[in-house]
1. Would you confirm whether any residue within region 80-87 is crowded, with 16+ Cβ neighbours inside 10 Å, at pLDDT 95 or above, of a type in the set (A, V, I, L, M) and part of a strand (DSSP E or B)?
2. Among the residues of region 29-47, are any assigned to a strand (DSSP E or B), in contact with a Cys (Cβ under 7 Å, 6 or more places away or on another chain), within 18 Å of residue 79 (Cβ to Cβ) and among the aliphatic types (A, V, I, L, M)?
3. Scan region 67-94 and report the pairs whose first residue is more than 15 Å from residue 40 (Cα to Cα) and in contact (Cβ under 8 Å) with a residue 60 or more places away in the chain and whose second residue is of a type in the set (D, E, K, R) and part of a strand (DSSP E or B), with Cβ atoms within less than 6 Å and a gap of 6+ or a chain change.
4. Could you check region 43-79 and list, in sequence order, the residues that are exposed (fewer than 14 other Cβ atoms within 10 Å of the Cβ) and of a type in the set (A, V, I, L, M)?
5. Where residues in region 11-32 are touching a Phe, Trp or Tyr at 6+ places or on another chain (Cβ under 8 Å), of a type outside the set (Lys, Arg) and closer than 24 Å to residue 44 by Cα, which of them is surrounded by the most Cβ atoms within 10 Å (Cβ to Cβ)?
6. Step by step: first the residues of region 1-28, then only those that are of a type in the set (Val, Ile, Thr) and not in a helix (DSSP H, G or I), then the one that is farthest from residue 68 (Cα to Cα). Which residue is that?
Amino acid sequence: MRDDRAIRLTAWVHGRVQGVGFRWWTRSRALELDLVGSASNLRDGRVEVVAEGTREACESLLAALRGGETPGHVDQVVERWSEATGKPTSFIER
């Protein structure tokens, strides 16, 4: 049985992920999956991805982040799951 309730994924992506089109690529994948949220550069070189939508869509985005087809080079993705806030209305790059 599919669970269509909204959930929130926060993922911190480690590696060479700034200045290589990573946030744009992430936004494109998220929009394809009907997710809302953001992809933001952090001062320490990571990218923080926040996505809300179905669990299935969020898991698909997480798999893409770890899948090896991203711009740059991903060393590690740390994830946290929580309840959706319903605040984001689109997916933006910050």
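1. no
2. no
3. Pairs found: 82/8; 84/8; 84/52.
4. Listed by number, the residues that qualify are 63, 78.
5. The residue in question is 30.
6. The selected residue is 7.
The values are calculated or read from the model by the stated rules, or taken from the named source; none is laboratory data. Remember, it's a predicted structure, so these values are computed and weren't measured experimentally. Backbone-built Cβ (ideal geometry, glycine too); neighbour counts: all protein chains shown.
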